Amino acid sequence: MVRLIALIISIILQIIAASIAFGFMKMTRYRLSWILLSLSFVLMAVRKFIQLSELLRGTPSYMWQMIDEWLGVVISFMIIIGVVLIREIFYSLKKADIDRSRTEKRVLNAIINTEENERKRFAKDLHDGLGPILSTVKMSLTSLAQRISDPSGTEILSNTSHLVNEAISTIKDISNNLSPHILENFGLSSAIGAFATKINRTRAVKIEFQSDLENYRLDSDKEVVIYRAVCELIN
């Protein structure tokens, strides 16, 4: 009775395993290895069903015993081949994971490059467009101040010239923050060092920066990301 229950449970479990295995068939793109393993579960269930029939019949048949034994051989052979060939599935999964990682990296680099190019364009437009205009205004104010004899007018022009100087300095700072030329021309270490020096001039905080990179250059994408991260952390 115990053997009968065990055989019935075994048949049910192997049918469930075969159903699950066949369910993954499409996902494995009908690889031979997975087909063999799935069929092995089916043949296991058939073999147990033969054993169950023999148990219920009560009189063992030589023919069915031979079929049962040969089914065991076939199942073992199919499992061995399936396990050997299943490496192809793992290789495909690994290759898909590598391709996905490369695609994500390309997309990330494209986003970083697009953002950085837009920063450079805006910084160039700001520096080359508004900078010369303010410089011209400053020159005009200086020339005008030399022709005014009224002290009050001279003071007004002096204050205006001072404001223009501040505006020019602010534009240079904004342009440099958007696209630091020192990062592009001299590398990450020089750019971070210049940023630390700029912060130290405010006397709000003292930063000591040390680097062993010297003239070593990283990929431009990596340098931009690290530089932006350092600036954000300090700010």
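Just so you know, all these numbers are worked out from the coordinates, no wet-lab data involved. Remember, it's a predicted structure, so these values are computed and weren't measured experimentally. Every residue, glycine among them, receives a Cβ derived from its backbone with ideal geometry; neighbour counts consider all protein chains shown.
Structure notes:
- Footprinting exposure proxy ranking of K198, K26, fewest other C-beta atoms within 10 angstrom first, gives K26, K198.
- Sites N200 and T114 - FRET efficiency at Förster radius 41 Å, r taken between beta-carbons, to 0.05: 0.80
- Cβ-based exposure ranking for R47, R3, in which fewest neighbours within 10 Å come first: R3, R47
- 10 Å Cβ shell holding at most 14 others, DSSP loop, chymotrypsin sites (Phe, Trp or Tyr not before Pro): longest site-free stretch of the chain: 31-208
- Overall, the chain carries a charge dipole of about 840 debye about its Cα centre when +1 sits on the Cβ of Lys and Arg and -1 on the Cβ of Asp and Glu, all other atoms neutral.
- Calculated FRET value between S158 and N235, using beta carbons and R₀ = 41 Å, to 0.05: 0.75
- Angle between the chain longest axis and helix 87-125 axis [Cα atoms, degrees, rounded to 10]: 10
- The simple Förster model, with R0 at 35 Å and r as the Cβ-Cβ distance, assigns S101 and F24 a FRET efficiency of 0.90.
- C-alpha center-to-center spacing [the stretch 186-225, the stretch 47-88] in angstrom: 71
- Using C-alpha pairs under 8 Å with a sequence gap of at least 6, the mean separation divided by the residue count of the chain gives a relative contact order of 14 percent.
- Working from label points 7 Å from Cα in the Cα-to-Cβ sense, the L93 to I9 distance is 2.9 nm.
- Placing unit charges on the Cβ atoms of the charged side chains and taking the dipole of the chain about its Cα centre, the candidate lying farthest along the positive direction among I16, S33, V84 is I16.
- The C-alpha atoms of the chain define a longest principal axis, and helix 220-234 lies at about 70 degrees to it.
- Fewest-first sequence of R201, R87 by Cβ atoms within 10 Å of each Cβ: R201, R87
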